[in-house]
Amino acid sequence: MRVLILGGTTESRVLAAALDTVQGIETITSLAGRVAEPILPVGQTRIGGFGGSDALAVWLRDNSIDVVVDATHPFASTIGAHAEQATRASSVALLVLTRPPWTPGEGDRWTSVASLPDASSAIPPGSRVFLTTGRQGVHHFASVAHSWFLVRAIDAPTGPEPPHMTLHLSRGPFDVDHESMMLADNRIDLLITKNSGGDMTRAKLAAARAASIPVIVVDRPARTGSAPMVFDVAAAVDWLTNRLRAGL
Ligand code: NAP
């Protein structure tokens, strides 16, 4: 069984490593090429866009792919939609592996918004913002001159930036002590995050709760399509191995 893993997430790397030990399954992980020095998964890798959903369908056929696992980030909605269209067009099976979203607990002071522009509009003037939504969305905050931003990202943003901003380049995971220190050392009074889910970047929410700091949480884009969905790597491995055993 030849499996294309649409990657760019920790889960996609863990899945590739898990499938590497399964006889009868071969994986190719695809990365968009956004990160300058990506952590490469085991198994084969390809890097760069396919050129749209039709081109992806052709690629699936040319590479004799039996199953696509969309293990991309929950906010990577374009490639998710392309995976739906291309697998439908080429009669290839599709499985979605995603992280369950975070939900607020006692003591959390969350405001949910639908988009990064909405998050930008919701910032009270004079805020000291810890912005953890990734380098690609920083331009949505470029017109916010009334607040100061600590932007954390793996690589530097390339587009317009807010006028009062400090860049902190680093790659998770981060623990709660580290995140509490980030908040305290930078006198942060507002955290902005996407609802990415998962454990890798959850600690900032616990740190914000402990310090009673409000959080603007950007909701996930709605997912279209009817592909089966699993919420952890073990379930994805089960789904694939069951399919392999059934000879599908
Ligand atoms: P996106 O908006 O959904 O996709 C934009 C285009 O990038 C797609 O149309 C596709 O180009 C290409 N692409 C995206 N993921 C790809 C993959 N895994 N392999 C090959 N091409 C891919 O994606 P995005 O939000 O920019 O995310 C890009 C990558 O970063 C994804 O792999 C995602 O898992 C990872 N990531 C995203 C976020 C986030 O917050 N969005 C956070 C962490 C990691 P073509 O149309 O040319 O095929």
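The values are calculated or read from the model by the stated rules, or taken from the named source; none is laboratory data. Model, not experiment: these values are computed from the prediction. Cβ atoms come from the backbone with ideal geometry, glycine included; neighbour counts cover every protein chain shown. What goes into the accessible areas is simple: the full protein's heavy atoms, side chains included, and nothing from ligands, DNA or RNA. Shrake-Rupley method; radii C 1.70, N 1.55, O 1.52, S 1.80 Å.
Which ones in segment 155-181 are within 16 Å of the ligand (Cβ to nearest atom) and either under 19 Å from ASN195 (Cβ atoms) or not hydrophobic (A, V, I, L, M, F, W, C) (or both)?
ASP155, PRO157, THR158, GLY159, SER170, ARG171, GLY172, PRO173, PHE174
Kindly evaluate GLY172 against the criterion of being surrounded by fewer than 20 Cβ atoms within 10 Å (Cβ to Cβ) and modelled with pLDDT of 95 or more.
Judged against the criteria, GLY172 is not a match.
I need the full set of residues from segment 65-79 which are surrounded by 16 or more Cβ atoms within 10 Å (Cβ to Cβ) and within 14 Å of the ligand (Cβ to nearest atom), in order please.
The answer is ILE65, VAL68, VAL69, ASP70, ALA71, THR72, HIS73, PRO74, PHE75, ALA76, ILE79.
Going by the structure shown, is ALA203 open to solvent by less than 20 Å² (accessible area, probe 1.4 Å) and of a type in the set (A, V, I, L, M, F, W, C)?
So ALA203 passes the test.
Name the strands (runs of 3 or more DSSP E) wholly within segment 65-121 that hold at least 1 residues that are in contact with a Cys (Cβ under 7 Å, 6 or more places away or on another chain) and among the acidic types (Asp, Glu)?
Once the strands (runs of 3 or more DSSP E) in segment 65-121 are filtered for at least 1 residues that are in contact with a Cys (Cβ under 7 Å, 6 or more places away or on another chain) and among the acidic types (Asp, Glu), nothing remains.
Considering only residues of segment 80-127 that are hydroxyl-bearing (Ser, Thr, Tyr) and within 14 Å of the ligand (Cβ to nearest atom), which is surrounded by the most Cβ atoms within 10 Å (Cβ to Cβ)?
Among those residues, the one meeting the criterion is THR87.
Would you mention how many residues in segment 192-238 are basic (Lys, Arg) and part of a strand (DSSP E or B)?
Qualifying residue count, segment 192-238: 1.
Does ARG61 satisfy the criteria of being surrounded by 15 or more Cβ atoms within 10 Å (Cβ to Cβ), assigned to a helix (DSSP H, G or I) and more than 8 Å from the ligand (Cβ to nearest atom)?
For ARG61, the condition - surrounded by 15 or more Cβ atoms within 10 Å (Cβ to Cβ), assigned to a helix (DSSP H, G or I) and more than 8 Å from the ligand (Cβ to nearest atom) - is not met.
So which residues in segment 3-47 are without any contact (Cβ under 8 Å) to a residue 40 or more places away in the chain, farther than 19 Å from THR241 by Cβ and either touching a Pro at 6+ places or on another chain (Cβ under 8 Å) or open to solvent by 20 Å² or more (accessible area, probe 1.4 Å) (or both), if there are any at all?
Across segment 3-47, the qualifying residues are LEU31, GLY33, GLU37, PRO38, ILE39, LEU40, GLN44, THR45, ARG46, ILE47.
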